[in-house]
Amino acid sequence: MAKLTFNEELCKGCGLCVNACPKGLLALSQSRLNQKGHTPVELVKPDECVGCASCALMCPDCVITVER
């Protein structure tokens, strides 16, 4: 199982990582905003993440770190 960490303050809520996840495990938060007023990404099904890093590769702001 992989561990994903997010630098939420850098996230601008573009959703590119959400679309890049082949398993559909990411979503933009429905209840939180970062300091800049953007909805940060969150991992909604952490037990199913295999650490493919598609999300991290797609992120233009290097918000996501994947540890396997």
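The values are calculated or read from the model by the stated rules, or taken from the named source; none is laboratory data. All values reported here derive from a predicted model rather than from experimental measurement. Don't worry about glycine lacking a Cβ; one is built from the backbone with ideal geometry, like all the others, and counts go over all protein chains shown. Ligands, DNA and RNA are stripped out before the accessible areas are found, and what is left, the full protein with its side chains, is counted by its heavy atoms. Shrake-Rupley method; radii C 1.70, N 1.55, O 1.52, S 1.80 Å.
Some observations on this one:
- Of GLY37, GLY15, all but one fail to be without any contact (Cβ under 8 Å) to a residue 12 or more places away in the chain and open to solvent by less than 90 Å² (accessible area, probe 1.4 Å); the exception is GLY37.
- Residue count for segment 18-34 satisfying the condition of being open to solvent by 50 Å² or more (accessible area, probe 1.4 Å) and of a type in the set (S, T, N, Q): 3.
- Within segment 17-36, being closer than 16 Å to CYS59 by Cβ and of a type in the set (A, V, I, L, M, F, W, C) holds for CYS17, VAL18, ALA20, CYS21, LEU25, LEU26, ALA27, LEU28.
- Conditions (1) assigned to a loop (DSSP other than H, G, I, E, B); (2) of a type outside the set (D, E, K, R); (3) open to solvent by 60 Å² or more (accessible area, probe 1.4 Å); number of the one not met by GLY51: (3)
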